[in-house]
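Undergrad: Here it is, the structure, as structure tokens.
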Amino acid sequence: MAGVMAVAAESLAGGRARAARTVLDQVVLPGEELLLPEQEDAEGPGGTGERPLRLNAGVRARVRVVCGPGLRRCGDRLLVTKCGRLRYKEPGGSGGGGGVYWVDSQQKRYVPVKGDHVIGIVTAKSGDIFKVDVGGSEPASLSYLAFEGATKRNRPNVQVGDLIYGQFVVANKDMEPEMVCIDSCGRANGMGVIGQDGLLFKVTLGLIRKLLTPDCEILQEVGKLYPLEIVFGMNGRIWVKAKTIQQTLILANILEACEHMTADQRKQIFSRLAES
């Protein structure tokens with residue numbers, strides 16, 4: 001780990017950009033510049049600025065690259081804005097190149113991101129707008145028309161203190177974040193006011209990302225214990241409900257403790273609970 005940090009610090013001090021694909025799953029530092037695959041060819045094989053000779057130099061395929069959290073586009077390069085490990089996800093289509101780059105970091109405060117599904121708490125109502133606490137630096141706004149089937153006459157039954165599960169449609173540093181409880185087709189799709197029963201608790205943002213990964217073993221093991229309803233918010237909040245209060249508390253304690261457990265430790269705990 002110390003060696004990786006030293007290499008990153010040396011690259012940052014030297015002012016030279018590294019290729020993004022060579023530092024995947026490695027630590028990157030704020031202020032470091034990363035080269036995309038198409039920029040690597042332009043820089044030359046040794047980073048000397050010499051362009052390789054090509055017969056079809058005038059034809060270059062346009063590659064779509066998405067910058068996730070912790071990265072920002074700076075001209076034709078990626079600028080790192082957070083300290084963490086660089087991650088990459090290949091595009092879903094059959095076309096080559098492109099994909100999503102982001103920095104996986106353990107930050108405490110949630111920063112709203114457009115498209116994220118979060119759990120918020122209604123704190124106030126001003127006119128036709130609800131103010132929702134999402135754990136960020138400022139509350140998000142939620143219009144009463146941003147619910148499925150809501151009209152001026154048919155207003156949703158939302159009270160101060162209710163839990164809201166929705167997604168961000170506006171989230172940037174210069175504007176107030178805005179939430180909706182409908183998808184692009186106008187359907188709720190599971191979003192809206194969460195039931196009164198159940199337990200809401202907060203975990204780290206890293207654990208949320210871990211639980212939301214496809215084929216998560218923790219969720220598969222938890223689902224075998226008790227019948228439950230569970231909602232995950234990218235802002236580090238989890239709402240869970242089981243048949244009894246005791247089962248709900250057990251599930252909440254298990255999810256909070258799973259972050260620092262190994263696979264063997266989890267199996268021992270789940271086997272004990274299954275026997276009891």
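The values are calculated or read from the model by the stated rules, or taken from the named source; none is laboratory data. This one's a predicted model, so the numbers in the text were calculated from it and none came from an experiment. Using ideal geometry, Cβ is built from the backbone for each residue, glycine included, and neighbour counts are taken over all protein chains shown. Accessible surface is based on the protein model in full, side chains and every heavy atom, while ligands, DNA and RNA are left aside. Shrake-Rupley method; radii C 1.70, N 1.55, O 1.52, S 1.80 Å.
Undergrad: So which residues in the stretch 168-194 are buried (at least 20 other Cβ atoms within 10 Å of the Cβ) and in contact with a Cys (Cβ under 8 Å, 6 or more places away or on another chain), if there are any at all?
TA: The answer is MET191, and nothing else.
Yes/no per residue for (1) in contact (Cβ under 8 Å) with a residue 40 or more places away in the chain; (2) among the β-branched types (Val, Ile, Thr); (3) assigned to a helix (DSSP H, G or I):
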residue: LEU219; (1), (2), (3): no, no, yes
residue: TRP239; (1), (2), (3): yes, no, no
residue: ILE250; (1), (2), (3): no, yes, yes
residue: ARG272; (1), (2), (3): no, no, yes
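Undergrad: In the set ALA42, ALA61, which member is surrounded by 11 or more Cβ atoms within 10 Å (Cβ to Cβ), at pLDDT below 80 and over 24 Å from GLY206 (Cα atoms)?
TA: Being surrounded by 11 or more Cβ atoms within 10 Å (Cβ to Cβ), at pLDDT below 80 and over 24 Å from GLY206 (Cα atoms) holds for just one of ALA42, ALA61, which is ALA42.
Undergrad: More than 18 Å from GLY206 (Cβ to Cβ) and either part of a loop (DSSP other than H, G, I, E, B) or touching a Lys or Arg at 6+ places or on another chain (Cβ under 6 Å) (or both) - does that describe any residue in the stretch 101-109?
TA: No, because not a single residue in the stretch 101-109 is more than 18 Å from GLY206 (Cβ to Cβ) and either part of a loop (DSSP other than H, G, I, E, B) or touching a Lys or Arg at 6+ places or on another chain (Cβ under 6 Å) (or both).
Undergrad: Can you spot a residue in the stretch 115-127 that is assigned to a loop (DSSP other than H, G, I, E, B), in the same structural domain as ASN189 (by the TED database) and open to solvent by 60 Å² or more (accessible area, probe 1.4 Å)?
TA: So far as the stretch 115-127 goes, no, none of its residues is assigned to a loop (DSSP other than H, G, I, E, B), in the same structural domain as ASN189 (by the TED database) and open to solvent by 60 Å² or more (accessible area, probe 1.4 Å).
Undergrad: If only one of LEU199, LEU163, LEU249 is modelled with pLDDT of 90 or more, open to solvent by 70 Å² or more (accessible area, probe 1.4 Å) and either farther than 18 Å from ASP116 by Cβ or assigned by the TED database to the domain that holds VAL122 (or both), which one is it? Reasoning before the result, please.
TA: Working: LEU199 fails: open to solvent by 70 Å² or more (accessible area, probe 1.4 Å); LEU163 fails: open to solvent by 70 Å² or more (accessible area, probe 1.4 Å).
None of the other options fit; the residue is LEU249.
Undergrad: Pull up the stretch 184-209, narrow it to residues that are touching a strand residue (DSSP E or B) at 6+ places or on another chain (Cβ under 8 Å) and of a type in the set (D, E, K, R), then point me to the one that is farthest from GLY120 (Cα to Cα).
TA: Ranking the qualifying residues of the stretch 184-209, first place goes to ARG209.
Undergrad: Under 14 Å from the mean Cα position of the chain (by Cα) and either open to solvent by 40 Å² or more (accessible area, probe 1.4 Å) or closer than 26 Å to ARG209 by Cβ (or both): is that true of GLN106 in this structure? Reasoning before the result, please.
TA: On the way: under 14 Å from the mean Cα position of the chain (by Cα): yes; either open to solvent by 40 Å² or more (accessible area, probe 1.4 Å) or closer than 26 Å to ARG209 by Cβ (or both): yes.
Yes; evaluated as a whole, the condition is true for this residue.
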